[in-house]
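The values are calculated or read from the model by the stated rules, or taken from the named source; none is laboratory data. Note that the structure is a prediction, hence the values are computed from the model and not measured. Virtual Cβ from ideal backbone geometry, glycine too; neighbours counted across all protein chains shown.
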Amino acid sequence: MRITFWGVRGSYPTPGTSTVRYGGHTSCVQVEVEGRPPIVLDAGTGMRALGRHLRRGPLGHGDGTVNLLLTHLHWDHIQGLPFFDPVFVRGNRLNVYARSGRGTRLSEAIAGVAGDAVFPVVFKDLPANFKFVPVTPKDDLNIGGVRVLPIALNHPGTSTGFRIDHGARSVAYITDTSPFDRIRYKRNFAKAPPKRLAPGDRRILEKMRRDLVSAIRGCDVVIYDTTFTDDEYEKFPHWGHSTPWQAIQIARDADAKKLVLFHHAPNRSDEDMDRMLADTIERAGDTHVAIDAARQGQVLEI
């Protein structure tokens, strides 16, 4: 199994001199299993470079398939889709797996990224063949012989993590989630965190955390949302994102082998990321979890 990071940033793309080493494109990760169509996690702006790479193979002449797993439909996770070269090649197949949320049909929500008002090519006129597959947390998927487990996360408008297994190898992609102790999201962003969690919400969050830990137990690699430092999280606990320390605790409790920091804050420079990574490694202490931070273009073999 090979993991390639094409986009590692959250919220909006930030290419420039201060993000050269870690990268400035938004979330897009490729998982390759030999002999299987590529699995792509999220469709942020990193998807454009991925598309150009994939056109060298069957997707370049209309004989390829991509399985796209979307955590959710916030803009930074879908804005690369209209710039993904394979969708402009007739005969290609793009299977989109996601929860639509808020009562909107998944196909309609995705079509909004290429509507008349925002893009020169209307979504329905894209030559590739699209198939939309709704997912349900805890319901396993068999995608071309690869096991995929959707996982419920704590984020406004819903977000879904994924565990991917093939043979004895596994990776979990857990991004855009708040911790499970301060706020439970039901629909939109909260203007402020509640002064106190209702007992029912606390029980739901505790179960959500247990389910997450159980779902990613023993994973070779866990890619986790670490947007905030501890100080930043104290200011914005209601924004739907986590910290490295929270990620360490989840990875430790799940007996994961490696934790990869992900969804880097857009204002975080390369030097800031170096400090965050060094601090996270130090704080991990004797957890026996290897720590790294995702870099655009980085490839992990597991």
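Couple of notes before you dig in:
- The number of residues in region 220-257 being within 25 Å of Asp274 (Cα to Cα), among the hydrophobic types (A, V, I, L, M, F, W, C) and part of a loop (DSSP other than H, G, I, E, B) comes to 4.
- Region 208-226 residues that are of a type in the set (A, V, I, L, M, F, W, C), paired with ones that are part of a helix (DSSP H, G or I) (beta carbon under 7 Å, 6 or more apart): Leu212/Ile250; Val213/Ile250; Val213/Asp253; Val222/Ala251
- Flag for Leu68 being under 20 Å from Val299 (Cα atoms), crowded, with 18+ Cβ neighbours inside 10 Å, of a type outside the set (Gly, Ala, Ser) and out of contact with any Cys (no Cβ under 8 Å at 6 or more places or on another chain): yes
- Among the residues here, Ala293 does not qualify as over 22 Å from Pro137 (Cα atoms), aliphatic (A, V, I, L, M) and surrounded by fewer than 20 Cβ atoms within 10 Å (Cβ to Cβ).
- Number of residues in region 265-302 that are among the β-branched types (Val, Ile, Thr) and farther than 18 Å from Val222 by Cα: the value is 0.
- Among the residues here, Leu50 qualifies as free of Cβ contacts under 8 Å to residues at least 60 places away in the same chain, touching a strand residue (DSSP E or B) at 6+ places or on another chain (Cβ under 9 Å) and under 28 Å from Gly23 (Cα atoms).
- Total residues in region 80-95, condition surrounded by fewer than 23 Cβ atoms within 10 Å (Cβ to Cβ) and not hydrophobic (A, V, I, L, M, F, W, C): 6
- Residue in region 106-119 that is closer than 23 Å to Glu32 by Cβ and either free of Cβ contacts under 8 Å to residues at least 40 places away in the same chain or among the polar types (S, T, N, Q) (or both) present: no
- Residues considered: Ala190, Ala172. Of these, the only one that is surrounded by 12 or more Cβ atoms within 10 Å (Cβ to Cβ), at pLDDT 90 or above and within 24 Å of the chain's Cα centre (by Cα) is Ala172.
- Test: residue in region 205-215 that is crowded, with 19+ Cβ neighbours inside 10 Å, farther than 21 Å from Gly157 by Cα and among the hydroxyl-bearing types (Ser, Thr, Tyr): no
- For Asp63: the one exception among (1) touching a residue at least 12 places away in the same chain (Cβ under 8 Å); (2) surrounded by 14 or more Cβ atoms within 10 Å (Cβ to Cβ): (2)
- Residues (closer than 23 Å to Leu149 by Cα, of a type outside the set (Lys, Arg) and either out of contact with any strand residue (DSSP E or B) (no Cβ under 9 Å at 6 or more places or on another chain) or outside any helix (DSSP H, G or I) (or both)) located in region 65-94: Thr65, Val66, Asn67, Leu68, Leu69, Leu70, Thr71, His72, Leu73, His74, Ile78, Leu94
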